[in-house]
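What follows is a single structure, written as structure tokens, with notes after it.
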Amino acid sequence: MSTNSKLYLFVIAFLIAIFAFYNYLVYSSNGYVAVEKLSPMAVKGQQLFQNNRCWSCHQLYGLGGYLGPDLTNVYSDEDKGPLYFKAFLNSGVKSMPKFNFSEEEKDVLVEYMKQVDETGIYPNYDAEIEATGWVKLKYQNEE
Amino acid sequence: MKNKAPIYFLLFAIIVFFLGMFFGMIASFQYLLPEFLKEYLPFSKLRPFHVTSVISWIVLCATGSIYFFLTYVEKFKLFSPLLVKLHFIIFLLTGIAIYFSFAFDYTEGREYFAFKPILIVPILIGWILFGINYFKTLYKNVKGWPVYYWMWGTGIVFISYHLMEAHFWLLDFFRLNFIKDFAVQWKSTGSFTGSWNMLVYGISIYLMSKIKKDSDVARNKAAFFFYFLGLTNLMFGWAHHTYLLPTQPWIRYVAYAISMTEWIVLASIIYSWKRSVLKVEKENHPMAYRFLLATDFWIFLNIILALLFSIPAINFFTHGTHITVAHSMGTTIGINTTILFSALFFILHQLYPDFETDRKWVKRGFVSFNISLFFFWISLLIAGGKRSYWMYVSKSGLFSEMQDSLILYYISFFIFGIGIFVSLLIVAFPIFKAFFHKIKT
Ligand code: HEM
């Protein structure tokens, strides 16, 4: 093997070592502001959200498909909230499929939305945009 | 008798590509008529079909091309031809299983991998077989690797890792902490994209060195510098997808800093603009050459867009709008797909040296493809800009009113989408026929 290959292998090994450490930090919970655990009910709600592919039309924190609106904070939105949320589920409005959720399923979905809502704010209207190009987010429960 | 498995991969890739685009076209039509086919094929069914198919196109075409280059062009004796066949059969069966799981709503997974999570197991096995074959073959045959061999090897290893990472949510350790889980999900998809780019960009360097008949492009210091820069971005640059998640600021600082290194790429593209493409010897590879020219153009446009929204202050406004979609499709079509078409034409020439690739209709298809993509891309950018205005500036009116006001841009999105589909169909048809002929003889 030529000397260059050795150098390249060394650089790769070095990057992988940093990557491993970095992953360790990203995977540990200290990297996040919200640390409350999802309740078993919310986990059920999340699974319903996945099985029915709500994410393909809706976003959470702006991530997902774009045919429908973002749902991060519907739960605490003054004009919306849990009843409004439930009303949409089996309504079949516009392109949204007409789901057949039972009352119990609606409840777990609401519970999931409630716990997502508690993790943070999106769109983050009170964020501060700095001259360096940086954005300082406003976190949930921060005055 | 040569192993035909690489050609099977390529045919498979072309088929899922056109299926995928077809699903995309119906999906974009639902932006115009929300009730269209809603009961049987809601948008939520079409989107996974579309996205998973077109991503598979990229990955399968890259895989087939790499196998082809190793066996037909470099004429290496593979460590195990049998493993290539096995790899193909596993991917074919898994692909069929994925379509079934989408069709019958077994979609417990998440975005990009919405199928039943168990199906990731055969996919991973396929990658491991590819990896074993790849490294064993190269280790025996090549001393002092040119950069594309490093890139392909890196791509295979990191795709395997990030496919796994994309399923970490199955573990409570991740799943129960929503923000961590969500961040890791988007970390994995971002880095997965970076990993397949290793395969595809490696192919583009391979093609350049072969078409130019100049191996220096794949061996000089700059090539390796950009490889390591790309690897660094693959590992640490993902977080610009998640600037707006409530993570600790350091995660976002790192991503911001790393993303900005891509300016070096932009500077180098501008600097070497004339040198890089115009000297390419195009006699034998007129279409492969044209597609690489198109790649250059699309890299230029997309990198400016990506650099801009990697700045958090700009990302703040573009995130969560169709500007993101313009970025995803701008790069997967403009950059990945053009490189892969270049590879297909190059391969065609290897199989049938007398085959005339730059026929009149193929050239026309090529031109109308680029024009369609341009307006497709612009439509998405404008739609995204207007949505951002609604979210952050006017802050008034219902979501549905905002959507209705964008109808013009959605119409042009739909129409130029058809343009892309038809143009590429014209371009791909002779390739498909020739490959098909090859496996029959
Ligand atoms: C016939 C042309 C095409 C049409 C009409 C089309 C249409 C669409 C539509 C409607 C979406 C969903 C956008 C949303 O969430 O609201 C989408 C997403 C996407 N498409 Fe296409 N598409 C086309 C071709 C392609 C091709 C050729 C590729 C890749 C090779 C591609 C890659 C993607 C990707 C990666 C996404 C996900 C975007 C994201 O999550 O940000 N598309 N496309």
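What to note about this one:
- Selected residue (only one of B:F429, B:F355, B:F341 is more than 21 Å from B:G320 (Cβ to Cβ) and free of Cβ contacts under 8 Å to residues at least 60 places away in the same chain): B:F429
- Exactly one residue among B:L398, B:L344 is aliphatic (A, V, I, L, M) and farther than 30 Å from B:K75 by Cβ, and that residue is B:L398.
- Residues of segment B:67-87 that are in a loop (DSSP other than H, G, I, E, B) and open to solvent by 30 Å² or more (accessible area, probe 1.4 Å): B:E74, B:K75, B:F76, B:K77, B:F79.
- Out of B:F297, B:F375, one residue alone is open to solvent by 40 Å² or more (accessible area, probe 1.4 Å) and more than 16 Å from the ligand (Cβ to nearest atom). It is B:F297.
- Qualifying residues in segment B:386-441 (those that are aromatic (F, W, Y) and under 30 Å from B:A343 (Cα atoms)) - the one surrounded by the most Cβ atoms within 10 Å (Cβ to Cβ): B:F413
- Residue in segment B:347-364 that is at pLDDT below 95 and on the phi > 0 side of the Ramachandran plot present: no
- Selection status of B:P122, open to solvent by 20 Å² or more (accessible area, probe 1.4 Å) and in contact with a Gly (Cβ under 6 Å, 6 or more places away or on another chain): no
- Any hit, segment B:358-366, residues being more than 13 Å from chain A (Cβ to nearest Cβ), open to solvent by less than 10 Å² (accessible area, probe 1.4 Å) and within 16 Å of the ligand (Cβ to nearest atom): yes
- Residue list for segment A:118-134, filter: open to solvent by 60 Å² or more (accessible area, probe 1.4 Å) and part of a loop (DSSP other than H, G, I, E, B): A:Y125, A:D126, A:E130, A:A131, A:T132
- The set of residues from segment A:1-19 being open to solvent by less than 60 Å² (accessible area, probe 1.4 Å) and either modelled with pLDDT under 95 or at the interface with another protein chain (Cβ under 7 Å from one of its Cβ atoms) (or both) comprises A:S2, A:S5, A:Y8, A:V11, A:L15, A:F19.
- Within the option set B:Y106, B:Y72, B:Y67, B:Y112, being without any contact (Cβ under 8 Å) to a residue 60 or more places away in the chain and hydroxyl-bearing (S, T, Y) holds for one residue only, B:Y106.
- Qualifying residue in segment A:55-78 (condition: within 11 Å of another protein chain (Cβ to nearest Cβ), loosely packed, with under 15 Cβ neighbours inside 10 Å and out of contact with any helix residue (DSSP H, G or I) (no Cβ under 7 Å at 6 or more places or on another chain)): no
- Here is the figure for segment B:26-53: residues that are open to solvent by 30 Å² or more (accessible area, probe 1.4 Å), in contact with a Phe, Trp or Tyr (Cβ under 7 Å, 6 or more places away or on another chain) and of a type in the set (A, V, I, L, M, F, W, C) total 3.
- Residue satisfying condition, being under 30 Å from A:G31 (Cα atoms) and at pLDDT below 90, within set B:A183, B:A222, B:A239: B:A239
- Number of the exception - A:W55 against (1) assigned to a loop (DSSP other than H, G, I, E, B); (2) within 16 Å of the ligand (Cβ to nearest atom): (1)
- Which listed residue, of A:V93, A:V110, is farther than 28 Å from B:V325 by Cβ and more than 8 Å from chain B (Cβ to nearest Cβ): A:V110
- Taking every residue in segment B:211-240 that is closer than 18 Å to B:Y149 by Cβ and pairing it with any residue that is buried (at least 17 other Cβ atoms within 10 Å of the Cβ) and of a type in the set (G, A, S), at least 6 positions away or on another chain, the pairs with Cβ-Cβ distances below 6 Å are B:S215/B:S209; B:V217/B:S209; B:A218/B:S209; B:L234/B:S191; B:L234/B:G194.
- Condition check for B:T63: modelled with pLDDT of 95 or more, part of a helix (DSSP H, G or I) and within 14 Å of chain A (Cβ to nearest Cβ): no
- For segment A:96-117, the criterion of a residue being closer than 23 Å to A:V33 by Cα and open to solvent by 30 Å² or more (accessible area, probe 1.4 Å) is satisfied by at least one position.
The values are calculated or read from the model by the stated rules, or taken from the named source; none is laboratory data. Remember, predicted model here, so these are calculated numbers, not experimental data. All Cβ positions, glycine included, derive from the backbone under ideal geometry; neighbour counts span all protein chains shown. With ligands, DNA and RNA removed, areas are computed over all heavy atoms of the protein, side chains included. Shrake-Rupley method; radii C 1.70, N 1.55, O 1.52, S 1.80 Å.
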